[in-house]
Amino acid sequence: MQRLNKGLVDKVAAYPERVLQFGEGNFLRAFVDWQVQVLNEKTDFNGNVVVVQPRGFDKIERLNKQDGLFTLYLQGIKEGKPVNEHMVIRSISRGINLFKDYHQFVELAGKPELRFIISNTTEAGIVFNPEDRLDDKPQKSFPGKLTAFLYHRFQAFSGDESYGCIVIPCELIDNNGQKLKEIVLQYALHWDLGTDFIHWIQHANTFCSSLVDRIVPGFPVDSIEERTEELGYQDDLMVVGEQYHLWVIEGPEWLKDELPVEGTGLNTLIVDDLTPYRVQKVRILNGTHTAMTPVAYLYGLETVEEAVNDGEVGLFVKELIEEEIIPTLDGPREELVTFSKEVLNRFMNPYIKHYLLSISLNSISKFTTRNLPALLDYVKRNDRLPERMTFSLSCLLYFYKGKRGYQEIPLQDSPEILNFFEYTWRKYENQELEMKDVVETLLAETKLWGMDLTSISNIVSSVESNLLAIDQKGIKEVIKKLNKATKRCSQ
């Protein structure tokens, strides 16, 4: 069967390359690249996307083999009705393999029509790496690559401020635009790029913080044969997402003219302050995703839908949101409860198979960003630990042991983090450490959590108790007991 390519698709327009995208993953393709296509179809945006990889290059090569094309399935509730639709996304002009074709990256920096830079490199991606150098091809970190690109652009246009860029990171961290800008300026100083370049970064470029929301399970492993037969072509980059989407961009009023989303049907908002949107969404939706993942996976489940529909795990998730996450948020409780119900309905979307293992990528940094603030706020407001969130943290530590029964867990995180957990748990298995020692070692590591978690009252004893119970009784028995306690308290 023929692979998807331009010869199989009508109307593949050659728009100017106006968007540089750091990230070739499922989310950006099902979210940003889909929206660029909508803008091209409904407005005079007239722009294509050039994709570069934050790491690796395999998907970039596959993208180019398919002429930048891929099939997007959107499934879920749309205007009150279940909808399952698909389309070929045609907004990507090409991918650049930075290891092989770095010169194309530099040439792109000199294109006057380029205006937007988008990224999604996970929470672990916006970091400063002092080992990066300007003459690396490419730099290791995403901000290093971005700084090099901007410097080449600064040189190409002799510092002309009319050729600055609008930078919109999509990573789920607070003030992602401002933090990315600070690291770019840090590189400018580290590489001694001069005061003129620093001035150009600060005055010619606009760094917008943003918040993204769409559940994107990714490649439909379980139904690929059926979908391939339906489409009549092979697509190695097919992606499945839900119908719901939200993009909140914190930016100046003039951005609405350059990004003409109004009247397109896109749920994209350009606002003065995205804080209220972010805290609610990150804690209730992303925080629940992250908190449920190790619990549900260790329980023996594979997908989000299975987790929320399971009698025990589903109750755990529901009570986690209602009793421990919502109470840490400001705002009318009715609105927060309504939003949480919408989230749970989205989790139960029968069209979507969102695998827990795919959510588990970089779970430590995700827990630190999404769940730890809620845990700390709960302690501050109630002077006690949130029982379910603490249990989730315990399961996360156990998850990073790398075993579900006799089954290996394919952990996805930085080698440093994986090595640290493997070393610590091995010492426990060899009876060189007691469980309390394991807990103290893991929770005290500030490189993981941004703070010493052992400073939180009673957390060591609570996590130790949870881990011993999981070890001795199994997680199913522990969750059942936790849920029974919840039911007794509510009676």
Of the residues 241, 287, 251, which single one is of a type outside the set (A, V, I, L, M) and within 28 Å of residue 397 (Cα to Cα)? 287
Scan 222, 174, 196, 192 and give me the residue that is within 18 Å of residue 250 (Cα to Cα) and surrounded by fewer than 17 Cβ atoms within 10 Å (Cβ to Cβ). 174
By residue number, the members of the stretch 279-302 that are farther than 19 Å from residue 362 by Cβ and either in contact with a Cys (Cβ under 8 Å, 6 or more places away or on another chain) or not aromatic (Phe, Trp, Tyr) (or both) are 279, 280, 284, 300, 301, 302
Search result, residues across the stretch 94-107 that are of a type outside the set (Phe, Trp, Tyr) and either over 20 Å from residue 37 (Cβ atoms) or surrounded by 20 or more Cβ atoms within 10 Å (Cβ to Cβ) (or both): 95, 96, 97, 98, 100, 101, 103, 104, 106, 107
Every residue in the stretch 352-361 that is surrounded by fewer than 18 Cβ atoms within 10 Å (Cβ to Cβ) and part of a loop (DSSP other than H, G, I, E, B), please. 361
Which numbered condition residue 165 misses (of (1) farther than 16 Å from residue 114 by Cα; (2) touching a Lys or Arg at 6+ places or on another chain (Cβ under 9 Å); (3) surrounded by 15 or more Cβ atoms within 10 Å (Cβ to Cβ)): (1)
Of all the helices (runs of 4 or more DSSP H) wholly in the stretch 170-280, which have at least 2 residues that are at pLDDT below 95? 224-231
Among the residues that make up the stretch 296-319, is at least one of them in contact with a Gly (Cβ under 8 Å, 6 or more places away or on another chain) and either under 23 Å from residue 165 (Cα atoms) or part of a helix (DSSP H, G or I) (or both)? yes
Return yes or no: is residue 91 of a type in the set (Gly, Ala, Ser) and loosely packed, with under 15 Cβ neighbours inside 10 Å? no
Of 240, 313, which residue is in contact (Cβ under 8 Å) with a residue 24 or more places away in the chain and either more than 19 Å from the chain's Cα centre (by Cα) or surrounded by fewer than 21 Cβ atoms within 10 Å (Cβ to Cβ) (or both)? 313
Restricting attention to the stretch 94-117, does a residue exist that is under 17 Å from residue 207 (Cβ atoms) and polar (S, T, N, Q)? no
Evaluate the following for residue 20: is it touching a residue at least 12 places away in the same chain (Cβ under 8 Å), closer than 20 Å to residue 113 by Cα and part of a strand (DSSP E or B)? yes
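The values are calculated or read from the model by the stated rules, or taken from the named source; none is laboratory data. Not measured: the values here are computed from a predicted model. All Cβ positions, glycine included, derive from the backbone under ideal geometry; neighbour counts span all protein chains shown.
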